[in-house]
């Protein structure tokens, strides 16, 4: 019995003694663990629910069903994107326009592609604005190569155009380190520039419209202009004031060719 217990001890506990050799963990002066949820079962269920709807297909499902029951509007425009779109109050910046917000905070291009029919094509818009890529760079759903991100943009663009929907490809906005934490660590400006260069060239090749959000918000240092964001990533109202006319001009060009 003692020998068996000793074997189990060796199997499960002795390897821990060698962790410092393979991990970067170390002893701390003060014990300050991350705050945990009060109810682990509830937290586990929430995580399970999120995994079952990993692309958040259900987020706009009810609203989509209402829209699909209405006559199609040739001036309807879907804004597809992440938190920068999700937080944009379209009715405030584009009053009276039949513009539909389908942004979801934190999303990457594979998640948007997975809900493309539900949130774009089935709504029969005249045009779609695609703002994406910053969360791919930040690895929100794991590491991606530039080519993988480009292919997701291609798939969304080609599907939209196949169904007669005009496409506006929006440049990824700059980030800055002027806020409470350094945003350039997770979203290197060089990666943003590479993706934007490809988006501009791809838009020209495919007769899509390129909306240059980047130039509208960038300063002389290549950063998101100071005072245009609360955190160095998400535009505040002043930031959206600069983006709105860029979006409006791009939509006009997409719908009318002018």
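The values are calculated or read from the model by the stated rules, or taken from the named source; none is laboratory data. Not measured: the values here are computed from a predicted model. Cβ atoms come from the backbone with ideal geometry, glycine included; neighbour counts cover every protein chain shown.
Condition test on residue 209, is it closer than 17 Å to residue 85 by Cβ and modelled with pLDDT of 95 or more? Let's see the steps before the verdict.
Values: closer than 17 Å to residue 85 by Cβ: yes; modelled with pLDDT of 95 or more: yes.
It is true that residue 209 is closer than 17 Å to residue 85 by Cβ and modelled with pLDDT of 95 or more.
Taking region 203-247 as the search range and keeping residues that are more than 21 Å from the chain's Cα centre (by Cα) and assigned to a helix (DSSP H, G or I), which one is surrounded by the most Cβ atoms within 10 Å (Cβ to Cβ)?
206
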